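Quick note: the coordinates plus some simple rules give every number you see, no bench work behind them. Treat the numbers as computed from the prediction; the structure is a model and nothing was measured. Methodologically, a virtual Cβ is constructed for each residue, glycine included, from the backbone with ideal geometry; neighbour enumeration extends over all protein chains shown.
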Amino acid sequence: MSENVACDAVERLQRWADSGAYFAIVSRHRDQLTLALLTCSGGEEMGRITSADPAVAAWCANNDGARAEGY
């Protein structure tokens, strides 16, 4: 994965969380994560990000407050 793609994914996640929305980890396969981008209510999936970049995994680990529970 190119550095720009990973940076874009982290920036997209940060903007998503800054707007009050949530994410959920829907799958982990080896080093790859698939994240669902959820509405502010946590009830509707609006998109997905799949990434094997460690920066995305680190962002998820450091932003637990934006993680939807029970998804």
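Numerical summary
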| item | result |
| --- | --- |
| Hydrodynamic radius (Kirkwood) for the chain, which is based on Cα pairs only, to one decimal in Å | 12.0 Å |
| Packing rank of 16-24, 28-36, where each peptide gets the mean count of other beta carbons within 10 Å, highest leading | 16-24, 28-36 |
| Between helix 3-18 and the chain: long-axis angle, C-alpha atoms, 0 to 90°, nearest 10 | 20 degrees |
| The chain, helix-only ellipticity at 222 nm - DSSP H runs n ≥ 4, -39,500 (n - 2.57), divided by all residues, nearest 500 | -11000 deg cm²/dmol |
| Value of relative contact order over the chain, rounded to a whole percent, pairs C-alpha under 8 Å and six or more apart | 32 percent |
